[in-house]
Structures are given as C-alpha cells and as structure tokens.
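Here is the structure we will look at.
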Amino acid sequence: MKKGLLIILSGPSGVGKGTVRKHVMKDHSLRLFYSISMTTRTPRPNEKNGKDYYFVDKETFQKNIDEGNFLEWAEFVGNRYGTPKDKVEQWREEGKNVFLEIEVNGATQVLNSIKDEGVVSIFLVPPSLKDLEKRIRSRRSESEEIIQKRLEKGKNELQYASMYKYQVLNDRVTRAANEICSIIRKEITNHLKK
Ligand code: 5GP
C-alpha cells in the first residue's frame with residue numbers, strides 16, 4: 001500500500017489556521033486524519049481535552065520529550081506544543097493522509113527531518129498585519145502582554161512563507177479552505193500516480 005501524505009498547515013499565530021483547518025477537515029472525500037497536539041497551555045473555555053489538544057502539565061510534556069515521543073515540538077509564547085510521533089507514522093503507513101496544524105518553528109523541524117515526496121507544506125498568509133492583530137485581539141482570552149508577544153512572533157513568522165510549497169491567502173475562511181482542499185486533492189492524485 002502507498003504511504004499516506006503528510007500535510008503541514010502553518011503560518012503566524014492568529015492567521016486563522018485552526019478555523020481554516022476545521023473547514024478543510026469537513027471534506028471527508030480527502031480522508032484526512034488530524035494529528036491532535038499535546039500542549040502545556042491551559043484550555044480556552046470552548047476547548048476539550050483529546051479533541052482540540054491533549055492538555056498536559058509541564059512534567060508530562062518533558063517526559064514525552066525525554067522519551068523521544070514527539071515528531072517535533074516548540075515553545076510558543078511561554079507554552080510548549082508538540083506532535084506525538086506514533087499516530088503520524090502509523091496512519092501514514094496505513095495509507096491515511098495525516099494533517100498537522102502547527103506553528104512555524106515546529107513545521108521547520110518537520111520539513112528538515114522528513115524529506116519524502118509525500119510531504120505537502122502549506123503556509124497561510126494574513127491579508128495584512130492589521131488583520132492579524134484584529135484576530136489575535138478578538139480571542140479576548142489573553143492578557144495584553146501575551147497579545148503583544150503573539151503579534152511580535154506573528155510578524156517574525158511571516159518571513160518563512162517561502163519555505164513552503166504553497167502559500168494560501170486567508171482573505172475569507174471558506175475560500176482559503178477550498179483552495180487548500182483543491183491543493184490536497186491535486187497532491188493526492190499526483191501521489192497515487194507515482
Ligand atoms: P494556540 O495556543 O493558539 O492554540 O496555538 C499556538 C500556536 O501553536 C499556533 O500557531 C498553533 O498552530 C501552534 N501549534 C499547535 N499545535 C502544535 C504542535 O503540535 N507543534 C507546534 N510546533 N505548534 C503547534
């Protein structure tokens with residue numbers, strides 16, 4: 001059986017990766033399997049453990065680093081986020097297409113370590129910096145200090161866009177999600193032909 005694709009959606013914090021990802025995942029014809037990340041961040045009011053993230057304490061996260069359980073992990077504005085390795089490898093071996101939604105540092109680690117032709121990297125671009133700030137502020141769940149840090153980080157992260165095979169503008173969520181679905185569909189077709 002042909003190994004599944006590894007699709008990486010990245011981009012600056014606040015660009016709307018999570019919302020776009022949820023739209024993309026609704027297209028069941030793509031047979032995407034979302035890799036749920038582990039994080040030390042506290043859950044936002046609407047978030048559920050085991051669905052949005054595996055929320056763990058710092059010790060548990062560190063233990064997973066020490067045991068080599070992450071495909072990649074990164075520190076982001078005071079918290080740690082990582083992709084558990086086991087499911088990603090198992091699913092790909094089973095021919096399933098795995099979808100990662102991760103920040104730029106972690107995505108760089110994956111792009112540097114996995115060189116096979118099944119990796120599809122997509123960078124989501126905000127229409128403007130003003131728009132990015134508006135989105136980060138609209139979450140209202142974070143202090144001004146954290147908002148400023150996320151903004152600063154977001155501006156820096158934008159310069160990595162060219163490392164990705166595809167750059168998609170998040171001007172409207174449904175349009176961006178549809179473009180990503182088309183990219184994935186094309187990549188699946190090409191992958192199966194090889
Ligand atoms: P948030 O706190 O807004 O949920 O996530 C902060 C950032 O971490 C976002 O850019 C999100 O995409 C990213 N992120 C989520 N999961 C992972 C992961 O497993 N690894 C890495 N490197 N980043 C992640």
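Using the Cα centre of the chain as the reference point, and only Cβ charges (+1 on K/R, -1 on D/E), how large is the resulting charge dipole? Debye, rounded to the nearest 20.
With Lys and Arg at +1 and Asp and Glu at -1, about 760 debye.
Place a +1 charge on the Cβ of each Lys and Arg in region 45-120 and a -1 charge on the Cβ of each Asp and Glu, then give the dipole magnitude about the Cα centre in debye, rounded to the nearest 20. Working shown, then result.
Values: 10 positive and 16 negative charges, 24 e Å.
So the dipole magnitude of region 45-120 works out to roughly 120 debye.
How far is it, in nm, from the label point at S113 to the one at K2 when both lie 7 Å from their Cα along the line to the Cβ?
Calculated label separation equals 2.6 nm.
Let me have the 222 nm mean residue ellipticity of the chain computed from DSSP H runs of 4+ only, each contributing -39500 (n - 2.57), with the sum over all residues rounded to the nearest 500. Each step should come with its number before you reach the end.
Numbers: 7 runs with 82 residues, N = 194.
Taken over the chain, the calculation gives -13000 deg cm²/dmol.
Classify the chain as rounded, prolate or oblate from the Cα gyration tensor: take a ≥ b ≥ c as the square roots of its eigenvalues, call it rounded if a/c is under 1.5, otherwise prolate when a/b beats b/c and oblate if not.
oblate
Name the residue, out of T40, T108, T19, whose mean-square fluctuation peaks in a Gaussian network model built on the chain with Cα pairs under 10 Å.
Per the Cα network of the chain with a 10 Å cutoff, T19 tops the list.
Report the FRET efficiency, 1/(1 + (r/R0)^6), for L192 and N156, where r is their Cβ-Cβ distance and R0 is 45 Å, rounded to 0.05.
It comes out at approximately 0.75.
Give the calculated FRET efficiency between E94 and E145 to the nearest 0.05, with a Förster radius of 41 Å applied to their Cβ-Cβ distance. Each step should come with its number before you reach the end.
Working: r = 44 Å, r/R0 = 1.06.
Rounded to the nearest 0.05, the efficiency is 0.40.
Restricting things to alpha carbons, tell me how big region 113-194 is in terms of Rg and Dmax, in Å.
Cα-based Rg and Dmax for region 113-194 come out at 15.8, 50 Å.
Give the accessible surface of the chain per residue, rounded to a whole number of Å², with probe radius 1.4 Å and ligands, DNA and RNA excluded.
52
Amide H to amide H, which residues 5 or more places from V168 or on other chains are under 5 Å from it, using H placed in the peptide plane?
Those qualifying (amide H under 5 Å, at least 5 residues apart or on another chain) are F123, L124, V125.
Using the Cβ atoms and a cut-off under 12 Å, what net charge is assigned to the surroundings of S10, where Lys and Arg are +1 and Asp and Glu are -1?
-1
Pull up all non-local amide H partners of V119: gap of 5 or more, or a different chain, and H-to-H distance under 5 Å with H placed in the peptide plane.
Amide H to amide H, under 5 Å and 5 or more residues apart or across chains, V119 pairs with L6.
On the accessible surface of the chain, probed at 1.4 Å, how many percent belong to carbon and sulfur atoms?
Working: 5140 of 10150 Å².
Ligands and nucleic acids excluded, carbon and sulfur give 51 percent.
Top to bottom by accessible area (1.4 Å), largest first, where do L5, L129 land?
The ranking, largest first, comes out as L129, L5.
Using θ = phi - 60° and the Karplus relation 6.51 cos²θ - 1.76 cosθ + 1.60, list the HN-Hα couplings for region 73-88 in order, rounded to whole Hz, with x at every Gly or Pro.
Residue by residue, region 73-88 yields 8, 8, 8, 9, 6, x, 10, 10, 9, x, 9, x, 6, 4, 5, 4 Hz.
For R41 and T19 in one chain, what is 0.36 nm times their gap in residues minus the Cα-Cα distance, to one decimal in nm?
Full extension from R41 to T19 adds 6.1 nm.
Tell me which of L6, S29, T40 sits at the most positive position along the dipole axis of region 4-60, charges placed on C-beta atoms (Lys, Arg +1; Asp, Glu -1).
The Cα lying farthest towards the positive end belongs to S29.
So what's the net charge close to D86: Lys and Arg +1, Asp and Glu -1, counting the other residues with Cβ under 15 Å from its Cβ?
So the surrounding residues net to 0.
Modelling each spin label as a point 7 Å along the Cα-to-Cβ direction, I'd like the K26/K48 distance in nm, to one decimal.
Each label point lies 7 Å from its Cα, and together they span 1.8 nm.
The values are calculated or read from the model by the stated rules, or taken from the named source; none is laboratory data. Keep in mind it's a predicted model, so treat the numbers as computed, not measured. Cβ coordinates were reconstructed from backbone atoms using ideal geometry, including for glycine residues, and neighbour counts include every protein chain displayed. Just so you know, the surface numbers come from the protein's heavy atoms only, side chains and all, with ligands and any DNA or RNA stripped out. Shrake-Rupley method; radii C 1.70, N 1.55, O 1.52, S 1.80 Å.
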